Amino acid sequence: QVQLVDSGGGLVQAGGSLRLSCVASGRTFSPYAMAWFRQAPGKGREFVAGITWSGGRTYYADSVEGRFTISRNNAKTTVFLQMGSLKPEDTAIYYCASRISSAVQYPKGNYDYWGQGTQVTVSS
């Protein structure tokens, strides 16, 4: 079992920045990839960014490419999502997720553990 606690959301003006964090505990010695998803009101949960177990490869949705950066610490217990040039359409609940594999995949159904979510609101 892996427990994930995500934090760092808030209210920010368009063009601003936020940094989300996700702390993993429990069975963290197994190789696992991490990702961030988001869900806006009335929409499905979508992939935002992912990072491999080693941290050597990262993946981004087209909508955030060049504005968001995902990273993880050397102990591989914390994952960050640095969000910049925020837009009102980035408003959503952001969830971190992990899967018991070193590789990132895009479908949300391929993730085994989820954080509780953190609200990000971008005002225009």
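Looking only at residues of segment 87-104 that are more than 15 Å from the chain's Cα centre (by Cα) and at pLDDT 95 or above, we find that the one that is least open to solvent (accessible area, probe 1.4 Å) is 88.
List every residue pair whose Cβ atoms sit under 7 Å apart, with the two residues 6 or more apart in sequence or on different chains, where the first one lies in segment 92-113 and is over 15 Å from residue 76 (Cβ atoms) and the second, anywhere, is of a type in the set (Asp, Glu) and open to solvent by 70 Å² or more (accessible area, probe 1.4 Å). From residues that are over 15 Å from residue 76 (Cβ atoms), there are no pairs. Quickly run through segment 16-44 and pick out the residues that are β-branched (Val, Ile, Thr) and either in a loop (DSSP other than H, G, I, E, B) or buried (at least 22 other Cβ atoms within 10 Å of the Cβ) (or both). Correct list: 28 only. Total residues in segment 74-104 satisfying the condition of being outside any strand (DSSP E or B) and within 14 Å of residue 31 (Cα to Cα): the figure is 9. For residue 77, the conditions (1) buried (at least 22 other Cβ atoms within 10 Å of the Cβ); (2) at pLDDT below 95 are fulfilled apart from (1).
Within segment 45-65, the set of residues being within 21 Å of residue 3 (Cβ to Cβ), open to solvent by 50 Å² or more (accessible area, probe 1.4 Å) and part of a strand (DSSP E or B) comprises just one member, 45.
Of everything in segment 69-82, what is more than 10 Å from the chain's Cα centre (by Cα) and touching a residue at least 24 places away in the same chain (Cβ under 8 Å)? Give them in sequence order. Hits for segment 69-82 are 72, 76, 77, 78.
Considering the conditions (1) of a type in the set (Lys, Arg); (2) modelled with pLDDT under 95; (3) under 14 Å from the mean Cα position of the chain (by Cα), residue 27 is excluded by exactly one of them, (3). Across segment 36-61, the qualifying residues are those that are polar (S, T, N, Q) and at pLDDT below 95, and the one among them that is nearest to residue 96 (Cα to Cα) is 52. The residues in segment 1-15 that are open to solvent by 60 Å² or more (accessible area, probe 1.4 Å) and of a type in the set (Val, Ile, Thr) can be counted, and the count is 1. I want to confirm something. Restricting to segment 107-124 and keeping residues that are out of contact with any strand residue (DSSP E or B) (no Cβ under 6 Å at 6 or more places or on another chain) and of a type in the set (Gly, Ala, Ser), which single residue is most open to solvent (accessible area, probe 1.4 Å)? Ranking the qualifying residues of segment 107-124, first place goes to 124.
The values are calculated or read from the model by the stated rules, or taken from the named source; none is laboratory data. In this text, all values refer to a predicted model and were calculated from it rather than measured experimentally. Don't worry about glycine lacking a Cβ; one is built from the backbone with ideal geometry, like all the others, and counts go over all protein chains shown. Heavy atoms of the whole protein, side chains included, go into the accessibility calculation; ligands, DNA and RNA do not. Shrake-Rupley method; radii C 1.70, N 1.55, O 1.52, S 1.80 Å.
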